[in-house]
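One structure below.
Please treat every number below as a calculation from the coordinates, not as lab data. In this text, all values refer to a predicted model and were calculated from it rather than measured experimentally. We place every Cβ from the backbone using ideal geometry, glycine too, and count neighbours over all the protein chains shown.
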Amino acid sequence: TTAGKHPWMASLQMKTSKRNRHFCGGVLIKPCWVLTAGHCIEQPAENLQVVLGKQNLKKREHQEQIFDVEKIIVHSKYKEKDGIPHNDIALLKLKPVDGHCAVETKYVKTVCLPDFFFPAGTDCFISGWGATETDEVSRQLLDANVKLISQRKCNSPTAYDHVLDESMFCAGNLQRPRADSCQGDSGGPLTCIENGSYYVYGLVSWGDGCGLKNKPGVYTQVTTFLSWIKSKIRSESR
Amino acid sequence: SFLADLLRDEADEYEYYDEYTQPEQEPFLQQQFSEDPDWFESFFGYSDTKKDPCSSNPCKNNGECENRGSRFSCLCPEPYAGTTCEKVKNMCLEKRCHRGDCLITLTPPYFQCSCNHPYNSPDCRQASSPCRPNPCKNGGTCIRHRIRSKFTCECPEPFRGRFCEIGPDDCYGEASSEYRGKVNQAANGKTCLHWNSHLLLDYTINAFMEDADAYGIGEHNFCRSPDEDEKPWCYIRKNHKVEWDFCDISPCSGTAEESPWPTDSPTDPPGSNEMFKICGQPEIQRTVKR
């Protein structure tokens, strides 16, 4: 993708003594708040940093904004059962730098939160620095189009056979191997357009392999957690 | 031009190979039973008042339902099989179409070779003269190659396609699923597999899927988009494997290539005191120079 096409895209990185390491995606929903997948949170807040406006992970870029994490809020009902994450969502509160969190630029913007549903078949977008056919991590931010898949079809015996609950949905293609998210994309956004604005409808969560027929990507259903997101941000902002 | 011809030819060159080695199944009506085992009825004491298992017409594709007490069995007409006659048998197991593809048909003998031009039926082994009679449509000129069976149609503007059969009106509109044109060539130059090819029996999209007619899919190899993809596509055979590719079709004039970007002009960036007032609005240009 090109710089500025997904200005809400965040890179979650682990602070290491040498080079900081990208491990998950995230999405900027408020200047001080980034949404990500619950399963991305394995480290204490002090070991994490969030980079906004990023394009090439291997370069220092003039448009990037780097923040430490002040607080991590993983959903209380987040659980992993048989290797599958349920209620896979978490909020990261950014630590302000010089009194402010993210500064809006051409490359850093917030995405909208949806309080409505997009129908199955809607064309949506995914982005991330996750694994590709050839590498474990892509240094460049990549994006792809995916179609929303109905819960009924994705829970059919030939696909995920009733593993999906209401905190998840599928997107991609059931019949043919098509573009998909993969390891390292977790927590990143699946956005869909309504009236010319982008809404974060899903967060990259899990899938059986990547890009396989009958095994599309599974995303956290953001609408399910709308009141949770709002209440957590409200209570933290008081 | 020669190189282009060569590439085009090579793009569609393949050898037939034997893929299926399954044992042959019952050649005619196939009986399939429902799932309850024999002991089930006596153990649970089924009575005569039990509902007729055939009353719900469980057999598809004109299969004949036979009442077996608590169970049913379907007598499936050729080429169907499966518990409810929902599957299509591979009738091409014994058939070899040397320079072509074996297709499953719904009338006897339930298979047929579709031969690459200029190879002929019944088994696509023998080639006739590639340019006589002229296979090129719409005033196209047939050019022979050094290899006896190879040819190229040189098409007058605006016609194109292997046989100059594609006119300028053959294009796809905003809903790609509504395309009913006759393009049968993938973007990489390969000729599309027929939707009733035996190679597609294990795929969910083929000529025998539910509502195939409604999607314009049948016993042909024209590009279609039953899953409303960004443009029509088809299955192709590449390196002895079945793959799919988008087709070499243009959008109809007035139908812009679908863009993920809003068509409105970008919102003015808000002032520093109004930061993040608007969500979900990227500023960058929607087209990027390549």
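A few points about this structure:
- Once the chain from A:Ser227 to A:Thr122 is taken as fully extended at 0.36 nm per residue, the excess over their C-alpha distance is 35.4 nm.
- All-pairs Cα distance distribution in the range B:105-241, expressed in whole percent, bin size 5 Å: 2, 10, 15, 20, 20, 16, 11, 5, 1, 0
- Loop-located trypsin sites (Lys or Arg not before Pro) across the range A:27-112 with a Cβ neighbour count of 16 or fewer within 10 Å are A:Lys58, A:Lys59, A:Arg60, A:Lys77, A:Lys106, with loop assigned by DSSP.
- Across the range A:83-158, C-alpha contacts under 8 Å between residues 6 or more apart give a mean separation that, scaled by the residue count, equals a relative contact order of 23 percent.
- Among the listed pairs A:Lys81/B:Lys87; B:Lys89/B:Lys137; A:Lys58/A:Lys109; A:Lys213/B:Lys87; A:Lys81/A:Lys109, those with a Cα-Cα distance over 24 Å are A:Lys81/B:Lys87; B:Lys89/B:Lys137; A:Lys81/A:Lys109.
- Model label points for B:His220 and A:Gln63, set 7 angstrom from Cα along the Cα-to-Cβ axis, are 4.6 nm apart.
- Restricting the GluC sites (Glu not before Pro) of the range A:122-208 to loop positions (DSSP other than H, G, I, E, B) with no more than 11 neighbouring Cβ atoms within 10 Å leaves A:Glu133, A:Glu136, A:Glu166.
- Distance between the range A:40-88 and the range B:130-204 - C-alpha centres, whole angstrom: 51
- Rotationally averaged projected area of the range A:1-146 (alpha carbon convex hull; nm²): 10.4
- FRET efficiency, B:Lys60 to B:His145 (Cβ-Cβ, R0 45 Å, nearest 0.05): 0.40
- Counting only other chain Cβ atoms within 10 Å of each residue's Cβ, the peptide A:4-11 averages 3.
- Counted charge near B:Cys223, where neighbours are those whose Cβ lies closer than 9 Å (Asp, Glu -1; Lys, Arg +1): +2
- The residues packed around A:Cys40, meaning those with a beta-carbon under 14 Å from its beta-carbon, carry a net charge of -3 if Lys and Arg are +1 and Asp and Glu are -1.
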